[in-house]
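Each remark here refers to the structure printed beneath this line.
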Amino acid sequence: MKILIVDDQEDILTSLKRTLKYKGFDQVQICDRSRRALTLIQEERFDVVLLDIIMPEMDGLEVLETVTPLNPFTEFIIITGVHDIDTAVKALRLGAYDYLVKPLDAARVIHAIERAYERKALAFSFSELGKDHSCLEIPEDFSPIVTRNPQMCVLMRYADIMARSGKPLLITGETGTGKELFARSIHKAGSYAKGPFVPVNVSSVPENLFESQFFGHAKGAFTGAAASAAGYFESADGGPCFWMKSVTFRRACR
């Protein structure tokens, strides 16, 4: 996820960047000049832009009005020290997704960014580009999935965007439809691609071995534990666990 923070106060720039880095957002740029921000937004194609209103050269609303028509898939979050209803309404009408008032709460900022990213993915899915299936290409990380179905192409583009957000995803489907293949592609496209991918078939884990298989065990912890073993959680350190649950549907009979 590419994020740009635009503010003329250096302490806010460094504090926000540090917070986002700590939360796992590794592609964060900062800018303290509004006109420079205009150029960056048009050249870099950021996913989310946190934009201050009161700045020299141009205020944030002028920047927002200029760039939103050219960047339909960039989400803008306004940050300001002035809580004014009219300004907030104007910002939202110009295309901003959210409006945050300083002093900024870290949890509120992270939540706003995650929701903005989710809306970005949905906006793409329902955009004219998403409807024009001839323009769609399968994302590189999803290349193991072979399909010519337009809806699958749109779904993969949506999943590719959401994978970079770091948010958990739910994959449903019948047995044999490729859920694990889809999950592996999401893992490859996400921010934890360098970590291990650990698939776990929950249905195959015996109840009496649940604790040891998920949390591991030491040698001699129970009868038959001839050696220490790492659990699924330890094995997945730095990467995701993919939980698989098989469900059998039975037709009711009279």
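The values are calculated or read from the model by the stated rules, or taken from the named source; none is laboratory data. Model, not experiment: these values are computed from the prediction. Backbone-built Cβ (ideal geometry, glycine too); neighbour counts: all protein chains shown. Only protein heavy atoms, including side chains, enter the accessible area calculation; ligands, DNA and RNA are left aside. Shrake-Rupley method; radii C 1.70, N 1.55, O 1.52, S 1.80 Å.
For the reader, a short list of remarks on this structure follows.
- Alpha-carbon Rg with Dmax, taken over the chain, Å: 22.8, 77
- Taking amide H as placed 1.01 Å from N in the peptide plane, F242 has its amide H under 5 Å from the amide H of V198, V200, each at least 5 places away in sequence or on another chain.
- Net charge over other residues, Cβ less than 15 angstrom from the Cβ of V89 (K, R count +1; D, E count -1): -2
- Peptides 80-86, 34-40 ordered by average Cβ neighbours within 10 Å, highest first: 34-40, 80-86
- Hits among lysines - C-alpha to C-alpha of K120 under 29 Å, sequence gap 8 or more where chains match: K2, K17, K21, K23, K90, K102, K131, K167, K179, K188, K194
- Highest mobility in the GNM of the chain, judged by mean-square fluctuation with C-alpha springs under 10 Å and restricted to F215, F242, F142, is found for F215.
- The chain - share of DSSP beta bridges that are antiparallel (%, nearest 5): 5 percent
- Region 1-116: C-alpha gyration tensor shape, a/c 1.5 cut-off, then a/b vs b/c: rounded
- Environment charge at V198 (Cβ cut-off 13 Å; Lys +1, Arg +1, Asp -1, Glu -1): -2
- Split the accessible area of region 26-122 by element, probe 1.4 Å, and carbon with sulfur accounts for 50%.
- Accessible area expressed per residue, the chain, with surrounding protein chains retained (probe 1.4 Å, Å²): 61 Å²
- Amide proton proximity set for S191, modelled H, under 5 Å, gap of 5+: G166
- Using alpha-carbon coordinates, inclination of helix 179-189 to the longest axis of the chain, degrees: 40 degrees
- Relative contact order (percent, whole number), the chain, Cα cutoff 8 Å, 6+ residue spacing: 11 percent
- Cut-off under 5 Å, modelled amide H: who pairs with I79 long-range: L51, D52, I53, L100
- With K and R counted +1 and D and E -1, the other residues having a Cβ less than 12 Å from that of E114 yield a net charge of +3.
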